[in-house]
1. Relative to the longest principal Cα axis of the chain, at what angle does helix 24-34 sit, 0 to 90 degrees, rounded to 10?
2. Which order do 665, 292 take by accessible area at a 1.4 Å probe, largest first?
3. Determine the relative contact order of the chain: mean sequence separation of Cα pairs under 8 Å and six or more apart, normalised by residue count, in whole percent.
4. So what's the angle, to the nearest 10 degrees on a 0 to 90 scale, between helix 271-280 and the longest Cα principal axis of the chain?
5. If you take every DSSP beta bridge fully contained in the stretch 104-231, what fraction is antiparallel? Give it as a percent rounded to 5.
6. Name the long-range amide H neighbours of residue 670: under 5 Å, sequence gap of 5 or more, or other chain; modelled H, no Pro or chain starts.
7. Treating only the Cβ atoms of Lys and Arg (+1) and Asp and Glu (-1) as charged, compute the dipole magnitude of the stretch 640-711 about its Cα centre; round to the nearest 20 debye.
8. For residue 315, which aspartates and glutamates qualify as cross-link partners when the Cα separation must be under 19 Å and same-chain residues fewer than eight apart are set aside?
Amino acid sequence: MEISFSKEIESLKYGQGQTFHGEGILAITKALLQSGVAYVGGYQGAPVSHLLDVMVQAKPYLDELGVHVEACANEASAAAMLGASIHYPLRGAVTWKSIVGTNVAADALSNLSSPGVKGGVLIVVGEDYGEGASVIQERTHAYALKSSMVLLDPRPDLQRMVDMVEHGFALSEASNMPAILELRIRACHVRGSFAARDNQPPKISTRRLLEDPAAFDYNRLAHPPVTFRHEKLKGEQRIPAARDYIRQHQLNELFAGKHSELGIVVQGGLYNTLIRTLQQFGLADAFGNSDIPLLVLNVTCPLVPDELGQFCLGKRAVLVMEEGQPEYIEQELATLLRRADIQTPLHGKDMLLQAGEYSAEVMATGLEKFLRQYRSELLSPSVPAWLDGNRERRSAIAAELGQALPARPPGMCIGCPERPVFAALKLAQQQVGQVHVAGDIGCHALATFEPFSFGHSILGYGMSLASRAGVSPVMNRRVLSVMGDGGFWHNGLLTGVQSALFNGDDAVLLIFKNGYTSATGTQDIISTPAEADKDKAPDKRKSVVHTNQTIERTLKGLGVKWLRTVTTYEVEKVRQTLVEAMTSDFNGLKVIVAEGECQLERQRRIKPWLASLLKRGLRVERVKYGVDEDVCTGDHACIRLSGCPTLTLKDNPDPLKVDPVATVIDGCVGCGLCGANAHAATLCPSFYRAEVVQNPKWHERLLSELRQRLIKRMQLA
């Protein structure tokens, strides 16, 4: 049972006169429909997953509008969809997660940008940047510069964000350039409201079909020799047209201030944080009115030279607030000012952090330096005190603790089907020796943290098998590549499996078959079990991923000769299979498919089912594991082998023993890993399995009462 977005879908239907309330990313989704988008595609991933997830579930409504929605296999296929807008006046939008998604889509984007587009194109990118990010710290800005694409960075206000979506399509059409709308994590999740407008059915759509294809036009291909003409068009027509549109529609916002001799140029996405910082200095109020003039760049590429020059002209100094590196905006602005012979001092990375997220404290540190140099009288004594106080508080806490706080790395979910495989791998290495593990993007990447610490490299989604190609030939023993089913379909099938088979590589691939792209929000993939299989299962608590054999059939059809399927929770069987793969005489690609349904999806399926049984007064049995504290020796090997959050420590009840004992706390989902580990590793027999019965039958109640009486009598004896 996937997450339902029924409420969000209803808000997509709002029309003129209604007010939309909600998150930023859902506002963007609504804005696409208001803009007359004809087709939407993308690849899921935080922080923009909601856009595609909601669109997919809203397909019946979108069919009424004539909007086509496609859940793409990866970002490259999503970007390739945009080719529909090269010949036809179709507005298209795709979405993916930040720089890693743009990297995958780069080939298609370059070939799209060269001929340009007729219909407006908008690429919604979740700029997963800063300390809350889960990806490499790079920026999408470089792609906009190199491929001559418009880059929008709207001020985090829902009305402004919605307006920039509609302007984004229009700007793309006016300049024939694809437009990228980047949204930081906070912008995606900022909450607010805006005045809704009626959704616009596209003029050409699934309900209004094109009669004939466009006439062949070689100039619309990204192919020499016309690509040389495309390059000239970018500089001579497209970028000037984009600048004209930006200027005429005042997409960049100028906020005047009484201290006109100073100025701050800021990316639109940083505006809210900057205002909060200025409030600390007493230079802005709660309504966003700033005493220092601000030029808010809702469009960060291309920059408008005369707009920036006019802002900087006659000022004592200007500070550029640009998050991330390199400082693309600052460098270009410095060049523009030099060419215009404007001598206004320009500051940016010399006063602010070169890299990292621009929090209010980071901005305040740079702004303090700026004001101290140019208008020290504006620097309130409370600001340095506030900054010093923050540093002192951190130092005091560290001194009180005597050492830094222990790291709290993320971990796999309780009952995750991937945890037992890594426990089995730890046991297998005791027999075969240490193994080089090529890691991958996905939930299994959490195995890089303790207690497993597996994964020598992560080179991209579905790239683990490909990344071991240079390592395998120089290793004394086989290399293990780990990949999820999401990564397998995203990229691994072609870049990894096909390549290894073609080259006859002696490789070992472990595929986690949990049934979903779990790390991006448990979206369905081609190997997700059908809803009918989930519903007709005699016991809905059992995993149903085995009902879909698409991965196995694909591997066999491609020519994989050595293929094993194991259940992840059977630790000893998984250990034996890993040992077999690492020591087998078979020379070639060996694939282990480890089956175990994503625990999040399993719980979403069985909890409503169990609740319905209880509501009807029917018998419900659930499994719970525990530790016999009288038997536990306190060596904690079980915890080091498992890492399950519900397997932890408590004080030893025996006053003669010092070491704390292991215990299973509330939250246990009964996956059985702790017991399976104890068996596979021949640990102490302190784990027990209990069946908790609700609404028991009459004979079960009678049997339980007899047992209690017998136990009580034995205790008295």
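1. Orientation of helix 24-34: about 60 degrees from the principal axis.
2. Listed by decreasing accessible area, they come as 665, 292.
3. Relative contact order comes out at 10 percent.
4. Helix 271-280 and the main axis of the chain meet at about 90 degrees.
5. 0
6. So residue 670 has HN proximity to 625.
7. It works out to roughly 180 debye.
8. 253, 261, 291, 306, 307, 330, 332, 341, 350, 368, 377
The values are calculated or read from the model by the stated rules, or taken from the named source; none is laboratory data. Note that the coordinates shown come from a computational prediction; the quantities given were computed from them, not determined experimentally. For neighbour counting, all protein chains shown are included, and Cβ atoms are generated from backbone atoms with ideal geometry for every residue, glycine included. When the accessible area is computed, the model is the full protein with side chains, heavy atoms only, and any ligands, DNA or RNA have been set aside. Shrake-Rupley method; radii C 1.70, N 1.55, O 1.52, S 1.80 Å.
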